[in-house]
Amino acid sequence: MSEHAPLVTRFAPSPNGHLHLGHALSAIVAHDLARAAGGRFVLRIEDIDGPRSRAELADEFRCDLTWLGLEWVDVPAQSARLESYAVAAHQLRARGLLYPCACTRKDIEAAGAVSGADGLIYPGICKRTPPDPDRAMAWRLDTARAIAQIGQLTWVDEHAGPQQVDLSRIGDVVLVRKNLPASYHLAATLDDAADGITLVTRGADLFMASHVHRTLQALLDLPVPRWHHHRLLTDENGEKLAKRRGSPALAERREAGEDGRMLAAQLRLQHLQLGT
Ligand code: GLU
């Protein structure tokens, strides 16, 4: 990436639930970083989560962002990019970097999988014994092979500093889901490259995903951005704010007549106090 390339950040919500305060903060951080650098802030709708995706929520998200006083550039939603995911998955498969897996969550738990940085670490059941081809299959990254091909990698988070890629706490992640041409990891990595994202901005809860994404960039010969993982908003008990804990949806606050720009100003202040 050239030193003088314009800064391009993004907000990439999944339309499977309303946006809440944590999303608003992510969008504001990405927006403000781009604006301060005279760059571009992109909105990408990550809508390949099958039946959980609700088309009408994408419009709601745009109303929420406008209400917060943000301006953005739209790029195609993930559902319009399935072909590019299939092509990349095919390339990885052809190089022996993916293996099929028919395991259910129950199978993985029953095999005594241990918890990693992003859920259970896959214990390699289908790597040892390939599944019956008639069963629905996902495709997992063979991390041992990937590391053998690309060697030690690093990536840079603007706050946490340089990071050495470490897949040991993540394991063989799913890159192609049972009924979809890509998982979040594969789709987001390809999209960030296609959208020319130079600074991947998102909450610190996705920090470990960046180890996977950096690996995929090396395997697929994609440009390497920088990352900015911001701290998460917490409630008065120090718990992550999430919609399931009753944090009100932005749409609800908007419809109740609250001033969105004022809310954005408060979030900017909280973000300053969080330190990132
Ligand atoms: N679509 C993801 C979500 O809504 C965000 C992914 C990302 O920012 O990389 O949680």
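Solvent-accessible area per residue for segment 120-269 at a 1.4 Å probe radius, Å²?
Ligands and nucleic acids excluded, the figure is 49 Å² per residue.
Normalise the Debye intensity by I(0) for segment 161-251, one equal point scatterer per Cα, no solvent, then take log10 at q = 0.17, 0.20 Å⁻¹ and round to two decimals.
Ignoring solvent entirely, the Cα scatterers give -0.87, -1.06.
Could you tell me the accessible area of Tyr99 in Å² (1.4 Å probe, neighbours in place), rounded to the nearest ten?
Counting only protein heavy atoms, the figure is 20 Å².
At 7 Å along the Cα-to-beta-carbon direction for both Asp107 and Phe207, put a label point, then send me their distance in nm to one decimal.
About 3.3 nm, to one decimal.
Given R₀ = 45 Å, what would the calculated FRET efficiency be for Arg54 paired with Thr154, taking r from the Cβ atoms and rounding to 0.05?
Working: r = 38 Å, r/R0 = 0.85.
Efficiency, from the Cβ-Cβ distance: 0.70.
Quote the charge dipole size of the chain about the Cα centre in Debye, to the nearest 20; the model charges only the Cβ of Lys and Arg (+1) and of Asp and Glu (-1). Intermediate values should be presented prior to the final figure.
On the way: 32 positive and 34 negative charges, 128 e Å.
Computed about the Cα centre, the dipole is about 620 debye.
Plugging the Kirkwood radius over Cα pairs into Stokes-Einstein for segment 1-105, at a temperature of 4 °C and a viscosity of 1.567 mPa s, what D comes out in µm²/s?
So the translational diffusion coefficient is about 82 µm²/s.
Measuring from centroid to centroid over Cα atoms, what is the spacing of segment 24-76 and segment 104-151 in Å?
Cα centroid of segment 24-76 versus Cα centroid of segment 104-151: 33 Å apart.
Given a cut-off of 29 Å, what percent of all Cα-Cα pairs of the chain lie beyond it?
Here the long-distance tail beyond 29 Å is 35 percent of all Cα pairs in the chain.
Using packing as a proxy for protection, rank 127-134, 161-168, 86-93 so that the peptide with the highest average count of other Cβ atoms within 10 Å comes first.
Going by the mean number of other Cβ atoms within 10 Å, highest first, we get 86-93, 161-168, 127-134.
Per-residue HN-Hα couplings for segment 116-121, Karplus 6.51 cos²θ - 1.76 cosθ + 1.60 at θ = phi - 60°, whole Hz, x for Gly and Pro?
Each residue's phi maps through the Karplus curve to give x, 7, 9, x, 6, 7 Hz.
Before anything else, pin down the relative contact order of the chain: Cα pairs under 8 Å, at least 6 apart, normalised by residue count, whole percent. Could you put the intermediate results ahead of the total?
Working: 440 pairs, mean separation 66.8, N = 276.
After rounding, I find 24 percent.
How many percent of the alpha carbon pairs in segment 46-166 exceed a separation of 26 Å?
Tail of the P(r) past 26 Å holds 47 percent of the pairs.
Which residues' amide hydrogens lie under 5 Å from the amide hydrogen of Arg226, considering only partners 5 or more residues apart or on another chain, with H built in the peptide plane?
For Arg226, the qualifying residues are Leu199, Val200.
Can you work out the Karplus-derived ³J(HN,Hα) for every residue in segment 212-217? Use 6.51 cos²θ - 1.76 cosθ + 1.60 with θ = phi - 60°, whole Hz, and x for glycine or proline.
For segment 212-217, the Karplus curve yields 5, 5, 5, 5, 5, 4 Hz.
Under a 5 Å amide H to amide H cut-off, with H placed in plane at 1.01 Å, what residues pair with Arg10 once short-range neighbours are removed?
Counting only residues 5 or more places away or on other chains, the set is Val42, Thr201.
Using a probe of 1.4 angstrom, how much of the accessible area of the chain is carbon and sulfur, in percent?
52 percent
Normalised by the number of residues in segment 171-239, what is the relative contact order in percent for Cα pairs under 8 Å and 6+ residues apart?
32 percent
What net charge is computed for the residues neighbouring Leu98, neighbours being all others with C-beta under 11 Å from the C-beta of Leu98, Lys and Arg scored +1, Asp and Glu -1?
Computed value for this residue: +3.
Kindly list the residues of segment 101-145 that lie in the label zone of Arg95, defined by a backbone N under 14 Å from the point 7 Å along the Cα-to-C-beta vector.
Inside the label zone: 141-145.
The values are calculated or read from the model by the stated rules, or taken from the named source; none is laboratory data. Small disclaimer: the values here were computed from a predicted structure and weren't measured. Using ideal geometry, Cβ is built from the backbone for each residue, glycine included, and neighbour counts are taken over all protein chains shown. Keep in mind that these areas ignore ligands, DNA and RNA; they rest on the heavy atoms of the full protein, side chains included. Shrake-Rupley method; radii C 1.70, N 1.55, O 1.52, S 1.80 Å.
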